[in-house]
Amino acid sequence: MTRGRDEGAAERAATAAVRGRRGGPLPGSVHVVPGDEWVEAAGRALQDLLSEATAEGGEGSIALSGGATPKPVYGWLAAAHDPLWTRMHVFFGDERCVPPGDPRSNYRMAREALLDPLGLPPERVHRMEADRPDREAAATAYGALLPPRLTVLMLGIGPEGHTASLFPGSPALSERSRKVVAVHTSTTPPDRLTITPPVLESAIHIVVLARGERKADAVARALEAPWAPELCPAQLARRGTWILDPPAASRLSRFGREPTP
Ligand code: 6PG
């Protein structure tokens, strides 16, 4: 990926310091990109990882993230219209328990911003059917659909440190056998399906997208606080490629401000 701002030796030193101090998996790569370059940097990171992983012409898989942050990145990917998408199977990391046409649906957002413009055949798009009355059955069915290892798992982060729909203190954080579970969360809409920690751990690549000051504390806790994913589930994505704008990165210690404990 073309790095927006390569901090070179300073970044490597800061990362090495963080590795020694914080425990948990080694941090991945953190890219802090100016706001006006962030969308393209995020799109290129995803596209580069997908094309590298399918360079031999093989098939790949991506689990899309929801919320508002990825929408412009999906627009960038749709406009780039890389041929690699014909080799992709598209999944979702989580979904709200609403109909697929509901404005709150992650599927609807991705369909409008990316999937329809790309014209992917329906057999390559695997919607998480969180609107089914029997949520546990829907969760089990989706878990069976997921590949053993996703090529790329896209994730966002909430201000309190959630990722996918894994929220602090959730029983889903101790799920070790099921790949997808139904959860009741403190946000709206509260009921969702979400991938579980084993899916994050097995993904070949993780890409975390975050923008804005409201994410700064959670980003710093995810990347630098002592290992406690039950308190900050986004720590499960620590090894990933993080694409941040300066406000979202502003509490990382290398930026001079310690994360609030
Ligand atoms: C969802 C997402 C969720 C999202 C974060 C960030 O269903 O809401 O999967 O994990 O990535 O909540 O959301 P924003 O991008 O809207 O801030």
Checked R108, R44 against criteria (among the charged types (D, E, K, R), assigned to a helix (DSSP H, G or I), modelled with pLDDT of 95 or more and in contact with an Asp or Glu (Cβ under 8 Å, 6 or more places away or on another chain)); the one match is R108
Among residues of segment 117-143 being touching a residue at least 24 places away in the same chain (Cβ under 8 Å) and small (G, A, S), the residue surrounded by the fewest Cβ atoms within 10 Å (Cβ to Cβ) is G143
Name every residue in segment 162-173 that is free of Cβ contacts under 8 Å to residues at least 40 places away in the same chain and away from the ligand (no atom under 14 Å from the Cβ), in order of residue number. P171
Checking V32 against (1) within 20 Å of R111 (Cα to Cα); (2) touching a residue at least 24 places away in the same chain (Cβ under 8 Å), only one condition comes out false. Which one? (1)
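One line per residue, one yes/no per condition, for (1) under 24 Å from H205 (Cα atoms); (2) modelled with pLDDT under 95; (3) of a type in the set (A, V, I, L, M, F, W, C); (4) under 17 Å from the mean Cα position of the chain (by Cα):
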{"site": "C97", "(1), (2), (3), (4)": "no, no, yes, no"}
{"site": "L114", "(1), (2), (3), (4)": "yes, no, yes, yes"}
{"site": "R124", "(1), (2), (3), (4)": "yes, no, no, no"}
{"site": "A137", "(1), (2), (3), (4)": "no, no, yes, no"}
{"site": "L146", "(1), (2), (3), (4)": "yes, no, yes, yes"}
{"site": "V152", "(1), (2), (3), (4)": "yes, no, yes, yes"}
{"site": "T163", "(1), (2), (3), (4)": "yes, no, no, yes"}
What number of residues within segment 206-259 satisfy the criterion of being surrounded by fewer than 23 Cβ atoms within 10 Å (Cβ to Cβ), within 13 Å of the ligand (Cβ to nearest atom) and aliphatic (A, V, I, L, M)? 0
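Within segment 116-140, which residues are in a helix (DSSP H, G or I) and either more than 17 Å from S61 (Cβ to Cβ) or within 16 Å of the ligand (Cβ to nearest atom) (or both)? Steps first, answer last, please.
Of segment 116-140, the ones in a helix (DSSP H, G or I) are 116-118, 122-124, 135-140.
Scanning segment 116-140 gives D116, P117, R135, E136, A137, A138, A139, T140.
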Can you pull out the residues in segment 59-85 that are within 15 Å of the ligand (Cβ to nearest atom) and either of a type in the set (D, E, K, R) or outside any loop (DSSP other than H, G, I, E, B) (or both)? I62, A63, L64, K71, P72, V73, Y74, G75
Can you confirm whether segment 33-48 contains a residue that is under 28 Å from P159 (Cβ atoms), surrounded by fewer than 19 Cβ atoms within 10 Å (Cβ to Cβ) and small (G, A, S)? yes
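In contact with a His (Cβ under 9 Å, 6 or more places away or on another chain) and touching a residue at least 24 places away in the same chain (Cβ under 8 Å): is that true of P147 in this structure? Lay out the reasoning, then the answer.
Values: in contact with a His (Cβ under 9 Å, 6 or more places away or on another chain): yes; touching a residue at least 24 places away in the same chain (Cβ under 8 Å): yes.
In short, yes.
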A careful count of residues in segment 70-83 that are within 20 Å of the chain's Cα centre (by Cα) and surrounded by fewer than 21 Cβ atoms within 10 Å (Cβ to Cβ) gives 5
Within segment 86-102, can one find any residue that is in contact (Cβ under 8 Å) with a residue 60 or more places away in the chain, within 10 Å of the ligand (Cβ to nearest atom) and small (G, A, S)? yes
Scan segment 186-205 for residues that are more than 13 Å from T151 (Cβ to Cβ) and surrounded by fewer than 23 Cβ atoms within 10 Å (Cβ to Cβ) and jot them down. S186, T187, T188, P189, P190, D191, P197, P198, E201
Residue satisfying all of: in segment 184-205; touching a Gly at 6+ places or on another chain (Cβ under 8 Å) and near the ligand (Cβ under 9 Å from one of its atoms); farthest from E129 (Cα to Cα) among these: T187
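The values are calculated or read from the model by the stated rules, or taken from the named source; none is laboratory data. Source: prediction; values computed, not measured. Because the Cβ atoms are built from the backbone with ideal geometry, glycine has one as well, and the counts that use them run over all protein chains shown.
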